[in-house]
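For reference, the structure discussed in these notes is given below.
All of the numbers you see were taken from the coordinates with simple rules; none came from a lab. Small disclaimer: the values here were computed from a predicted structure and weren't measured. Glycine gets a Cβ as well: all are built from the backbone with ideal geometry, and neighbour counts include every protein chain shown.
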Amino acid sequence: MKIGMNKTTKKLQQFIIFGATGDLASLMLFPALYELFVQNQLPENFQIIGYGRSAMPREEFLKKFEASVKNRSKQKLNKLEELLKKVEYFSGQYDQESDFRALDDFLKKMAKGKAREVIAYFSVPPVVFGPIVDNLAATVKKSAKKIKLVLEKPFGTDEKSAEKLLKEISRFYDQSDIYLLDHYLGKRPIQSILKLRMENNVINLMIKGQEISRITILALEKNDVGQRVGYYDQVGAMKDMMQSHLLQILALITMDIPVKADTESLRREKSSILSAVRFSGKAADVVFAQYKSYQKLEGIVKNSKIDTYAELKLQIDRRDWYEVPVHLITGKKLDQDLTKVIIEFKKMPIQSAKAASNFLIFEIKPHELVKLALIQRRTDFKNAKVEAYESVDLEQGLMCQTDFCLGPYASLINDVILGEKRFFLSFEEILSAWKVIDKVEKVRSKSKLLYYEDGSSGPKRQN
Ligand SMILES: NC(=O)c1ccc[n+]([C@@H]2O[C@H](COP(=O)([O-])OP(=O)(O)OC[C@H]3O[C@@H](n4cnc5c(N)ncnc54)[C@H](OP(=O)(O)O)[C@@H]3O)[C@@H](O)[C@H]2O)c1
């Protein structure tokens, strides 16, 4: 992230939110824009335009914007009035070119003849991605100096649909102008994995397949599916969490660090390792489970078999990595909130099999930290024949401690404004990740859905 540059950007930027009446806009985007404004990171010439089918006067939209910031933002509210002056609302259909022509006229009027860059944020369900892409291309794209599209996961429902979607977008737009967003990549401790690896070779000397006995990535939540029941019941934990969030973390951990730090080189390495991730195709290497009260939720399909918990064992087809099992585990309505990468090291020949292991840990939730957990044998233990160990932990917080701390959405929107794409996905990464998950989905019918108690540690195994 480039710090403190946006203020100096003189060009006019128009930030359009399609689906501005929806949840994502209220929960995340409006507060993120305010966060950037408070931190002086929005360009001086910046206009925000909410777009939705719902007809409403500008004042009503401003009230929604204001309420969202008041409810969700951690910032002082003293600059909210000032930001609201930059906010407009435009009502139209997503599939009507005539509405987009009217939108284009509206944008030109707002720009008062100045050249403008347009950022189009797709905060709508994927069914309307296509029509918006087409209609923007026929109208706004022609009149703006530059247009950037921001699309948020899910990108399709399998490899085929993702490929179709990505092809559709790239018919009219250069890949460099398409920002494919996974908000996990906006989280500071996840960005730190890459930053620490790029700047501290000591970490890379440790993250070597030959020295590692196992990698585990956990994303456990106490929350249930909340208000996203309709969406979640079609998707489940495997597709919602593993397909992008957890495989992206795995890529950041296992990718080679390129010689150059530019976005293309980083993406090439990330995409390369993702293309080497393999699922065995065996039902024994996957677990699907559901929390017991899920069936009582309103809005789910009767007897829904969707997974609210999933485990997946993977391997990486690389000389350095192929013997290292990778375990991804995620679930909702569990007994803890924990997002963590655990890298377990092989033991020394001198150590017995019973000896405790050393770990390198990146914790994202509840604490943001990196930890090297070393062990040493206890010598004060009375019975010298019994092995007892104590842990010597080297731990450092990864929390933001500067004046310039942005949440995930603000950080990624800031990157879009600046044209920084390091923490966005490439087409290749998305397709490689779907290849893995498509293969997992093929064994879903052979894998018995397990059930777990609400608030427990997950499904109980037979063995
Ligand atoms: N909510 C989250 O926390 C979250 C997190 C990650 C990703 N996402 C993704 O971000 C996108 C937006 O999420 P959201 O939760 O804000 O969705 P949403 O509330 O269901 O929809 C956003 C807006 O899109 C319009 N819309 C809804 N259904 C439509 C349909 N069938 N056809 C045309 N327009 C429709 C509605 O606005 P109008 O009727 O006013 O046009 C609605 O207010 C989705 O792709 C979602 O998967 C959401």
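Using θ = phi - 60° in the Karplus curve 6.51 cos²θ - 1.76 cosθ + 1.60, the 3J(HN,Hα) couplings for the range 338-350 round to 8, 10, 7, 10, 10, 9, 9, 8, 5, 7, 6, x, 5 Hz; x is entered for Gly and Pro. Listed by chain and number, the lysines whose C-alpha is less than 21 Å from the C-alpha of LYS354, apart from same-chain residues fewer than 8 away, are LYS346, LYS382, LYS385.
Legend: distances between Cα atoms for LYS439/LYS460; LYS222/LYS439; LYS292/LYS446; LYS222/LYS460; LYS10/LYS70; pairs beyond 23 Å are LYS439/LYS460; LYS222/LYS439; LYS10/LYS70. The amide H of ILE375, built 1.01 Å from its N in the peptide plane, has VAL392 as neighbours under 5 Å, considering only residues 5 or more places off or on other chains. With contacts defined as alpha carbon pairs under 8 Å and 6 or more residues apart, what's the relative contact order of the range 1-103 in percent? Once normalised by length, the contact order is 32 percent.
Classify the range 6-152 as rounded, prolate or oblate, taking a ≥ b ≥ c as the square roots of the eigenvalues of its Cα gyration tensor: rounded when a/c is under 1.5, otherwise prolate if a/b is larger than b/c and oblate if not. Intermediate values should be presented prior to the final figure.
Working: a/c = 1.74, a/b = 1.26, b/c = 1.38.
Taking the square roots of the gyration eigenvalues as a ≥ b ≥ c, the range 6-152 is oblate.
Normalising by the residue count of the chain, find the relative contact order in percent from Cα pairs under 8 Å and 6+ residues apart.
Values: 826 pairs, mean separation 82.8, N = 463.
The value is 18 percent.
Overall, the range 253-332 carries a charge dipole of about 360 debye about its Cα centre when +1 sits on the Cβ of Lys and Arg and -1 on the Cβ of Asp and Glu, all other atoms neutral. Each Lys and Arg Cβ is given +1 and each Asp and Glu Cβ -1; about its Cα centre, the range 6-152 then shows a dipole of about 700 debye. A cut-off of 5 Å between modelled amide H atoms, ignoring neighbours fewer than 5 places along the same chain, links LEU449 with no other residue.
Within 10 Å, count the other beta carbons around each residue, average over each peptide in 444-452, 250-258, and list them highest first. Display every interim value, and only then the final one.
Numbers: 444-452: 14.4, 250-258: 20.7.
The peptides rank, most packed first, as 250-258, 444-452.
Straight Cα distances below 16 angstrom link LYS302 to the aspartates and glutamates ASP233, with same-chain residues fewer than 8 positions distant left out.
Of the listed pairs LYS153/LYS208; LYS239/LYS340; LYS208/LYS332; LYS145/LYS187, which have alpha-carbon separations greater than 22 Å here?
Values: LYS153/LYS208 31 Å; LYS239/LYS340 19 Å; LYS208/LYS332 32 Å; LYS145/LYS187 31 Å.
Cα-Cα > 22 Å for LYS153/LYS208; LYS208/LYS332; LYS145/LYS187; rest within.
Each residue of the range 162-171 was assigned a 3J(HN,Hα) from its phi angle through the Karplus curve 6.51 cos²θ - 1.76 cosθ + 1.60 (θ = phi - 60°); the sequence is 5, 4, 4, 4, 5, 5, 4, 5, 7, 4 Hz, with glycine and proline shown as x. Scalar couplings 3J(HN,Hα) for the range 69-85, obtained by applying the Karplus form with A = 6.51, B = -1.76, C = 1.60 to θ = phi - 60°, are 5, 5, 6, 10, 7, 8, 7, 5, 8, 5, 10, 5, 4, 5, 5, 4, 5 Hz; x denotes Gly and Pro. A cut-off of 5 Å between modelled amide H atoms, ignoring neighbours fewer than 5 places along the same chain, links ASP454 with LYS292, SER293. In plain terms, the chain from ARG268 to LYS11 could stretch by 89.4 nm, reckoned as 0.36 nm per residue minus the Cα-Cα distance.
Here the Kirkwood formula puts the hydrodynamic radius of the chain at 24.0 Å, using every distinct Cα pair. Dividing the summed helix terms, -39500 (n - 2.57) for each DSSP H run of n ≥ 4, by the number of residues in the chain produces a 222 nm estimate of -9500 deg cm²/dmol to the nearest 500.
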